[in-house]
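Undergrad: Please read through the structure below; I'll follow up with questions.
Taken together, the values in this text are just the output of simple stated rules run on the coordinates, not laboratory data. Model, not experiment: these values are computed from the prediction. Don't worry about glycine lacking a Cβ; one is built from the backbone with ideal geometry, like all the others, and counts go over all protein chains shown.
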Amino acid sequence: MASVFTDDHALIALLAESIEADLSAADRLTDLLSRSVPWQFPGRLLEVLAAHVASVSDAQLRHGVLAVEYSALHQYLHAIALADDALIEPASSSAYATDTVAAILDGDLLQARAFSSLDGAVEGSTSLADAYRQFSDGSVSAYERTAAAGAFSAENRSEPRHPSPDRSPRTPELAPLAGVAGALAGRMRSLPESQVRSLKRAAVELGRAVPIQTPTGRQPPVTTRVDSPLETISTLVGASTAADVERLVDAERNVSYRLL
């Protein structure tokens, strides 16, 4: 599979094509797609970690990228339904701005398709079962952090849609989805279980170092340090891959959030 993180539109095109083929709500969903929605870091990280591995086919990699990006879009849709602050583009002009039930239902459909895509990404019943479990754990963890936040804090926030004097917004994290990508890459590489867990932890830390576009604004990185996870990746999968991951992190940090 050609590298997607060097082309700002390639992953968007892949998602749009797959959504139009898979889901009846395609029009509503594709209207949301941009360079920053859904969060592309998990899919791009998986592509970097698993590309150029002889045992990983282009089809497997495509299914894996779609799985994690479907899950990221699922999180975005559910965040629309949970948001207390004013929505921004693309959420504010979407059908979901006034129909949060549709946001929840379409998000759940995306998550179901994400699990279906795992079938094509991982070979072997044992590995697939483990991939399902870790995928579920990461998705639930990300959603729980979103729900617990109460509202997505953001730069340039407008007035809350539903002001609450006792509301104390906390910063959510979607880093668990990056961990899902790391673990999936480890399984696709047939790494030992202990190394899969290490790669997952490294990916979570990298996810914390990358900004995220939420339905209400831009969420800055939680941390700026990536030396430790990059060292882990270098040890587990090679220095050249770690260098590619570092370039990916730098690219994601510099994404223009107005880019469509």
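Undergrad: So for the pair F115, A21, with labels modelled 7 Å out along Cα→Cβ, what separation do we get in nm?
TA: Output for this residue pair reads 2.2 nm.
Undergrad: In debye to the nearest 20, how big a dipole does the chain give about its Cα centre with +1 on each Lys and Arg Cβ and -1 on each Asp and Glu Cβ?
TA: The calculation lands at about 560 debye.
Undergrad: Could you sort 49-61, 30-42, 201-213, 131-143 so that the peptide with the highest average Cβ count within 10 Å comes first and the rest follow in order? List each step's numbers first, then the result.
TA: On the way: 49-61: 16.2, 30-42: 22.8, 201-213: 24.5, 131-143: 19.3.
Packing proxy ranking, top to bottom: 201-213, 30-42, 131-143, 49-61.
Undergrad: Which one, L11, P42, L23, projects farthest toward the positive side of the charge dipole computed for the chain from Cβ point charges (K/R +1, D/E -1)?
TA: The residue sitting most towards the positive pole is P42.
Undergrad: Note the listed values (i) 36, 25, 18; (ii) 29, 20, 17; (iii) 35, 18, 18, then indicate which one is semi-axes √(5λ) of the Cα gyration tensor in Å calculated from this particular structure.
TA: Matching entry in (i) 36, 25, 18; (ii) 29, 20, 17; (iii) 35, 18, 18: (ii).
Undergrad: Also, I was wondering about something else. Can you find, among H74, P221, S190, the residue sitting farthest towards the positive end of the charge dipole of the chain, where Lys and Arg contribute +1 and Asp and Glu -1 at Cβ?
TA: P221
Undergrad: Using mean Cβ contacts within 10 Å as the protection proxy, how do 11-18, 98-105 order, highest first? Present the calculation step by step, with values, prior to reporting the outcome.
TA: Details: 11-18: 17.6, 98-105: 15.1.
Sorting 11-18, 98-105 by mean packing, highest first, produces 11-18, 98-105.
Undergrad: Once you wrap a convex hull around the alpha carbon atoms of segment 66-144, what is its projected area averaged over all directions, in nm²?
TA: 5.2 nm²
Undergrad: Helix-derived [θ] at 222 nm for the chain: sum -39500 (n - 2.57) over DSSP H runs of at least 4, divide by residue count, nearest 500? Mind showing how you got there, number by number?
TA: Values: 10 runs with 156 residues, N = 260.
Computed ellipticity for the chain at 222 nm equals -20000 deg cm²/dmol.
Undergrad: Oh, and also: For Cα pairs less than 8 Å apart in space and 6+ apart in sequence, what is the mean separation divided by the residue count of segment 1-132, i.e. the relative contact order in percent?
TA: After rounding, I find 26 percent.
Undergrad: Figure the gain on full extension for Q195 and L128 (residue separation times 0.36 nm, minus the Cα-Cα span) and round it to one decimal in nm.
TA: Going from the current span to full extension adds 22.5 nm.
Undergrad: For V101 and S228, calculate 0.36 nm times their separation in residues minus their Cα-Cα distance, and state this gained length in nm to one decimal.
TA: So the extension gain works out to 41.6 nm.
Undergrad: Right, something else. Hey, what did the chain get for relative contact order, percent, Cα under 8 Å, at least 6 apart?
TA: With pairs under 8 Å counted, the relative contact order is 23 percent.
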